[in-house]
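The values are calculated or read from the model by the stated rules, or taken from the named source; none is laboratory data. Keep in mind it's a predicted model, so treat the numbers as computed, not measured. For neighbour counting, all protein chains shown are included, and Cβ atoms are generated from backbone atoms with ideal geometry for every residue, glycine included. Just so you know, the surface numbers come from the protein's heavy atoms only, side chains and all, with ligands and any DNA or RNA stripped out. Shrake-Rupley method; radii C 1.70, N 1.55, O 1.52, S 1.80 Å.
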Amino acid sequence: MNDAPGGSYTLVVGLAADATVTAGALGDRRLPAGAYAYTGSALGAGGFSRVDRHRRTARGDNDTRHWHVDYLLGHPAARIDRVVRSVGVDVECAVAECLPPGPIDGFGASDCSCEAHLSAGDGLDALAERALAAHEAAVASSDDPDATVDVVDGSGE
């Protein structure tokens, strides 16, 4: 995935058991087991290598916590099921605003005016379908003819 130019992404995350996560300044927050979607951006020189970093955190291979989502992914009950990507375009906030409301106000949205970039859904498949539709709509509205949307396996394989 490192060969992609970057863009925006949504991690579709399964949480197998209830969890309490300490999300930086947001403090300790309890999340029930279920399906979650975190939307972020990977626009720097490393492109989607940020997603690879999230995968390492979810596997327990990275203990550094930079972003709110690191606290969720670092919980042993969390796993990344799949990743929906908008390649070559910044549609992070547009996608986040199209997803169901989040369980934690401000989660992942400390640098924008969105309510949150973490949403909760009724199941992994349904949440992934909503994320895909949100990415497709945002890319269609971006007027960037080279932008694309794809879905990749959460494990990176």
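Candidates are the residues of segment 109-140 that are in a helix (DSSP H, G or I) and either touching a strand residue (DSSP E or B) at 6+ places or on another chain (Cβ under 6 Å) or at pLDDT below 95 (or both); the one that is most open to solvent (accessible area, probe 1.4 Å) is 136. Across segment 74-113, the number of residues qualifying as free of Cβ contacts under 8 Å to residues at least 24 places away in the same chain and of a type in the set (Ser, Thr, Tyr) comes to 1. Considering only residues in segment 141-157 that are open to solvent by 50 Å² or more (accessible area, probe 1.4 Å) and touching a strand residue (DSSP E or B) at 6+ places or on another chain (Cβ under 8 Å), the one that is nearest to residue 92 (Cα to Cα) turns out to be 148.
Only residues that are at negative phi and buried (at least 17 other Cβ atoms within 10 Å of the Cβ) were counted across segment 99-108, and they come to 4.
Just to be sure, is residue 59 surrounded by fewer than 17 Cβ atoms within 10 Å (Cβ to Cβ), of a type in the set (Lys, Arg), in contact (Cβ under 8 Å) with a residue 12 or more places away in the chain and on the phi < 0 side of the Ramachandran plot?
Spelling it out, it is not the case that residue 59 is surrounded by fewer than 17 Cβ atoms within 10 Å (Cβ to Cβ), of a type in the set (Lys, Arg), in contact (Cβ under 8 Å) with a residue 12 or more places away in the chain and on the phi < 0 side of the Ramachandran plot.
For beta carbons closer than 9 Å, sequence separation of 6+ or different chains, a first residue in segment 20-41 that is at positive phi and a second that is among the polar types (S, T, N, Q), the qualifying pairs are 24/110.
Meeting the requirement of 2 or more residues that are out of contact with any Pro (no Cβ under 7 Å at 6 or more places or on another chain) and closer than 18 Å to residue 150 by Cα, the helices (runs of 4 or more DSSP H) wholly within segment 47-103 are 49-59, 92-98. Residue count for segment 2-40 satisfying the condition of being open to solvent by 40 Å² or more (accessible area, probe 1.4 Å), over 17 Å from residue 79 (Cβ atoms), of a type outside the set (S, T, N, Q) and assigned to a loop (DSSP other than H, G, I, E, B): 2.
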